[in-house]
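Colleague: One structure coming up, written as structure tokens, with questions to follow.
The values are calculated or read from the model by the stated rules, or taken from the named source; none is laboratory data. None of these values were measured; they are calculated from a predicted model. Cβ placement follows ideal geometry from the backbone for every residue including glycine, while neighbour counts extend to all protein chains displayed.
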Amino acid sequence: MGAGNGRIGQIKARDRHLWLISISVIVALTLTIITIYAPDLMGIPMAPSRAELSTYLSGLAVLICLFCLYVIQAHARLDRLRDELVEKEQEKTEVQRLLREVEERSNEHLKTKEALEREMAERKQAEERVVYLAYHDGLTDLPNRRLFEDRLGQELSRLRWRKRVMAVLFLDIDRFKQFNDHLGHHVGDALLVAFSERLKLCLRPGDTVARLGGDEFAILLTDLAREGDVSLIIQKILDSLIKPINVEGSDLSVTTSIGVSLSPKDGEDTSTLLKTADMAMYRAKEEGGNSFQYYDPVFQKQRSEWLSLESALRLALERQEFLLHYQPQVDLDSGRVVGVEALVRWRHPEKGLISPGKFIPLAEETGLIIPIGEWVLRTACAQAVVWRSGGFKDLRISVNLSPRQFRQKNLIETVGRVLKETGIEPRCVELELTESIMQNAETSVKALRRLKAMGLEISIDDFGMGYSSLSYLKRFPINTLKIDQAFIHHLTDDPDDPLIVTAIITLAHNLRLKAIAEGVETADQLKLLRLLRCDLIQGYYFSQPLPADEMSGLLAEDRRLS
Ligand SMILES: [Mg+2]
């Protein structure tokens, strides 16, 4: 711009010079003409001579020529200047265009920069969300297992330098599956959220509550002065659940089972503490829920033995580790063996013979008693067929039926199938049931009648030790009462037991049933039972339970009670 103004100033100065020179030429020309044609006006006394005139005119012509040259040069210069000016203007316009373009691009860059910054901020937020979700539960917004274990690990490191107690609580909502199944998963989810809120209210700042998955929660209590503080917080949690939780308009009574492990006592690493708390929680649940249990290594050792036995029991059938022993039942009138009770034994490959008292309750609890019981019935019936076809035509086989077996829906079909497969006469088979069937008497009466209709004999085992209803006893289609061996064991040294045994035998006879005494071990017991008119006995006094081949020998020698 400064150069442009300079050029314009130069052009204006040249224009001024041109005017001055033009005026000078005109003045000189005018003076020359006046001098030639009116010299008196110029004060010249006489007209110039031809030579003088010629000199004037020559001078004038030179002057005009110089003027013309100057004008031509000036115009040429002026044109160049104008061209330069035009060029400069064009340059100026171009520069302005470029400036606008730069400005536009700057604006675009600015917008791009803002968009990039926005995108980066969004990406950062998304990354933070991903990290958050990696450490938190999406439903309850509580820390998840990963974050819980992380914090637990950190607290364990700190604990090594401080003499404080730390507790891990493992919680599980009692009957949560029922809420989910009956009210729907959306109610179950809402319940989990409400439950987590209640938990948070019971904790101190700095404690951590996490959802580990499903309805399992864990709490980390740190910096406890003594172990007793844990119970206070747990009681607070249990109390907080006394008030029902309202979910979608329904008041739900929710309880929880809590397992507690303490560090360093029950574990000094993350996985051990969680595992021991989990074990303790299962114990609380087994004891009915709505309670808490501290980890107890002795209990857990028994439990793990139980679990390992359960695993072995599941394989025992297919590995053919079960076997039957038979204990003779002797008629007190004839002294002869009239029946045998089949008793199951388990030959464990490492532990040897395991007593029924140890594995039958486990089989009952796990349901394995169903296939085991069917195997026992089939094997015993098949053996009885062998004996009966071998000459012992009146021999009766007694088989124990557990409460769970008795309750199974296809019991009648199973028994019928076994009878058919083994080809045994039903009247030679006696099923021994315990008094517990009377707890569901109406159903039991129907089942017993169907078994009876098949031709089977029924006896009530361990009579006198459980729950017996005399009115139902009358309605039950049974044949025999087996007096529990607990009454026989002290028959001769406890004055009450003969009275009880007398009452049972009298009851049996009045109901037209037979009475059999179990666990007879001495001659005195036998003598007294004869006096009390007991019908049959079984026990070590005559014979212990024997393997099938030994039992065959006993039958063959026709051993009798003297
Ligand atoms: Mg029995």
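Colleague: Could you tell me which numbered condition Asn107 fails, if it satisfies all but one of (1) loosely packed, with under 11 Cβ neighbours inside 10 Å; (2) within 30 Å of Leu20 (Cβ to Cβ); (3) among the polar types (S, T, N, Q)?
Modeller: Result: Asn107 passes all but (2).
Colleague: Given the conditions (1) closer than 29 Å to Ser271 by Cβ; (2) touching a residue at least 12 places away in the same chain (Cβ under 8 Å); (3) not aliphatic (A, V, I, L, M), which single one is not true for Lys163?
Modeller: (2)
Colleague: Looking at the stretch 517-532, I want the residues that are without any contact (Cβ under 8 Å) to a residue 40 or more places away in the chain and in a loop (DSSP other than H, G, I, E, B) and have a partner that is of a type in the set (Ser, Thr, Tyr) and away from the ligand (no atom under 16 Å from the Cβ) with Cβ atoms under 8 Å, at least 6 apart or on another chain. Which pairs are those?
Modeller: Between residues of the stretch 517-532 that are without any contact (Cβ under 8 Å) to a residue 40 or more places away in the chain and in a loop (DSSP other than H, G, I, E, B) and residues that are of a type in the set (Ser, Thr, Tyr) and away from the ligand (no atom under 16 Å from the Cβ), the close pairs are Val520/Tyr541; Glu521/Tyr541; Thr522/Thr492; Thr522/Tyr541; Leu532/Thr502.
Colleague: So Ala503 ticks every box in (1) closer than 24 Å to Leu401 by Cα; (2) more than 16 Å from the ligand (Cβ to nearest atom); (3) out of contact with any helix residue (DSSP H, G or I) (no Cβ under 6 Å at 6 or more places or on another chain) but one. Which box is left unticked?
Modeller: Against the list (1) closer than 24 Å to Leu401 by Cα; (2) more than 16 Å from the ligand (Cβ to nearest atom); (3) out of contact with any helix residue (DSSP H, G or I) (no Cβ under 6 Å at 6 or more places or on another chain), Ala503 comes up short only on (1).
Colleague: Specify the residue that is nearest to the ligand (Cβ to nearest atom); the eligible residues are those in the stretch 378-426 that are in contact with a helix residue (DSSP H, G or I) (Cβ under 8 Å, 6 or more places away or on another chain) and part of a strand (DSSP E or B).
Modeller: Ranking the candidates gives Asn400 first.
Colleague: Also: For the stretch 502-542, which positions are under 30 Å from Pro477 (Cα atoms) and polar (S, T, N, Q)?
Modeller: Thr502, Thr506, Asn510, Gln525, Gln538
Colleague: Okay, next question. Could you tell me which numbered condition Gly553 fails, if it satisfies all but one of (1) in contact with a helix residue (DSSP H, G or I) (Cβ under 9 Å, 6 or more places away or on another chain); (2) not in a loop (DSSP other than H, G, I, E, B)?
Modeller: Gly553 satisfies every listed condition except (1).
Colleague: So, one more: Would you be able to say whether some residue in the stretch 319-331 is over 30 Å from Ser543 (Cβ atoms) and assigned by TED's automatic domain parsing to the domain that holds Cys381? Talk me through it step by step, then tell me what you get.
Modeller: First, the residues of the stretch 319-331 that are over 30 Å from Ser543 (Cβ atoms): none.
No, there is no match, as no residue in the stretch 319-331 is over 30 Å from Ser543 (Cβ atoms) and assigned by TED's automatic domain parsing to the domain that holds Cys381.
Colleague: Regarding Leu448, is this residue out of contact with any Ser or Thr (no Cβ under 8 Å at 6 or more places or on another chain) and within 16 Å of the ligand (Cβ to nearest atom)? Walk me through it before giving the result.
Modeller: Details: out of contact with any Ser or Thr (no Cβ under 8 Å at 6 or more places or on another chain): yes; within 16 Å of the ligand (Cβ to nearest atom): no.
Spelling it out, it is not the case that Leu448 is out of contact with any Ser or Thr (no Cβ under 8 Å at 6 or more places or on another chain) and within 16 Å of the ligand (Cβ to nearest atom).
Colleague: Filtering the stretch 9-33 down to residues that are surrounded by 13 or more Cβ atoms within 10 Å (Cβ to Cβ) and not polar (S, T, N, Q), which residue is modelled with the lowest pLDDT?
Modeller: Ile11
Colleague: Would you check if there is a residue in the stretch 347-354 being modelled with pLDDT of 95 or more and either among the hydroxyl-bearing types (Ser, Thr, Tyr) or exposed (fewer than 13 other Cβ atoms within 10 Å of the Cβ) (or both)?
Modeller: no
Colleague: Still on this structure, I have one more. Out of the stretch 471-500, which residues are more than 15 Å from the ligand (Cβ to nearest atom), in contact (Cβ under 8 Å) with a residue 12 or more places away in the chain and of a type in the set (A, V, I, L, M)?
Modeller: Leu473, Leu491, Ile500
Colleague: Take Thr255 and tell me if it is within 23 Å of the chain's Cα centre (by Cα), more than 25 Å from Phe359 (Cα to Cα) and surrounded by 12 or more Cβ atoms within 10 Å (Cβ to Cβ).
Modeller: Values: within 23 Å of the chain's Cα centre (by Cα): yes; more than 25 Å from Phe359 (Cα to Cα): yes; surrounded by 12 or more Cβ atoms within 10 Å (Cβ to Cβ): yes.
Here the answer is yes, as Thr255 does meet what is asked.
To keep it simple, each residue is scored yes or no on (1) in contact (Cβ under 8 Å) with a residue 40 or more places away in the chain; (2) part of a strand (DSSP E or B).
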site: Gln178; (1), (2): no, no
site: Asp181; (1), (2): no, no
site: Asp189; (1), (2): yes, no
site: Leu192; (1), (2): yes, no
site: Arg198; (1), (2): yes, no
site: Gly206; (1), (2): no, no
site: Ile219; (1), (2): yes, yes
site: Arg226; (1), (2): yes, no
site: Ile234; (1), (2): yes, no
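Colleague: Okay, moving on. If Ile360 meets every condition in (1) more than 33 Å from the chain's Cα centre (by Cα); (2) within 14 Å of the ligand (Cβ to nearest atom); (3) β-branched (Val, Ile, Thr) apart from one, which number is that one?
Modeller: (1)
Colleague: Restrict the check to the stretch 427-440 and report whether at least one residue is assigned by TED's automatic domain parsing to the domain that holds Gln485, closer than 21 Å to Gln538 by Cβ and more than 16 Å from the ligand (Cβ to nearest atom).
Modeller: Yes, there is a match, as at least one residue in the stretch 427-440 is assigned by TED's automatic domain parsing to the domain that holds Gln485, closer than 21 Å to Gln538 by Cβ and more than 16 Å from the ligand (Cβ to nearest atom).
Colleague: So which of Leu110, Leu85, Leu156, Leu169 ends up being under 30 Å from Phe195 (Cα atoms) and in a helix (DSSP H, G or I)? Give the derivation first.
Modeller: Numbers: Leu110 fails: under 30 Å from Phe195 (Cα atoms); Leu85 fails: under 30 Å from Phe195 (Cα atoms); Leu169 fails: in a helix (DSSP H, G or I).
Testing whether each residue is under 30 Å from Phe195 (Cα atoms) and in a helix (DSSP H, G or I) leaves just Leu156.
Colleague: Another question, then. Of everything in the stretch 463-489, what is closer than 15 Å to Leu536 by Cα, at pLDDT 90 or above and touching a Lys or Arg at 6+ places or on another chain (Cβ under 7 Å)? Give them in sequence order.
Modeller: Listed by number, the residues that qualify are Asn479, Thr480.
Colleague: Which one of Asp150, Asp174 is in contact with a Ser or Thr (Cβ under 6 Å, 6 or more places away or on another chain) and among the charged types (D, E, K, R)? So that I can check it myself, show each step before the final result.
Modeller: Numbers: Asp150 fails: in contact with a Ser or Thr (Cβ under 6 Å, 6 or more places away or on another chain).
Result: Asp174 is the single residue among Asp150, Asp174 that is in contact with a Ser or Thr (Cβ under 6 Å, 6 or more places away or on another chain) and among the charged types (D, E, K, R).
Colleague: Write out, first by first residue and then by second, each pair whose Cβ atoms fall under 9 Å of each other, whose residues are 6+ apart or on separate chains, and whose first residue, in the stretch 338-349, is more than 19 Å from Phe542 (Cβ to Cβ) and in the same structural domain as Ile460 (by TED's automatic domain parsing) while the second is charged (D, E, K, R) and away from the ligand (no atom under 11 Å from the Cβ).
Modeller: Here the result reads Trp346/Glu321; Trp346/Lys358; Arg347/Glu321; His348/Glu321; Pro349/Arg319; Pro349/Glu321, each pair linking the stretch 338-349 to a residue that is charged (D, E, K, R) and away from the ligand (no atom under 11 Å from the Cβ).
Colleague: Would it be correct to say that His185 is out of contact with any Asp or Glu (no Cβ under 9 Å at 6 or more places or on another chain), assigned by TED's automatic domain parsing to the domain that holds Lys285 and farther than 30 Å from Leu262 by Cβ?
Modeller: Here the answer is yes, as His185 does meet what is asked.
Colleague: Kindly provide the set of residues from the stretch 454-469 that are over 16 Å from Arg407 (Cα atoms), touching a Pro at 6+ places or on another chain (Cβ under 9 Å) and either part of a helix (DSSP H, G or I) or within 16 Å of the ligand (Cβ to nearest atom) (or both), ordered by number. Show your work before the answer.
Modeller: At the first step, the residues of the stretch 454-469 found to be over 16 Å from Arg407 (Cα atoms) are 454-457, 459, 461-469.
Filter once more, keeping what is touching a Pro at 6+ places or on another chain (Cβ under 9 Å): 454-457.
Passing the criteria: Leu456, Glu457.
Colleague: When you scan the stretch 511-520, how many residues do you find that are surrounded by fewer than 17 Cβ atoms within 10 Å (Cβ to Cβ) and within 11 Å of Leu481 (Cβ to Cβ)?
Modeller: Looking only at that region, the number is 1.
Colleague: Moving on. Going through Leu191, Leu133, Leu169 one at a time, which residue ends up being surrounded by fewer than 18 Cβ atoms within 10 Å (Cβ to Cβ) and either under 25 Å from Gly289 (Cβ atoms) or outside the structural domain of Gly288 (by TED's automatic domain parsing) (or both)?
Modeller: Residue meeting the stated conditions: Leu133.
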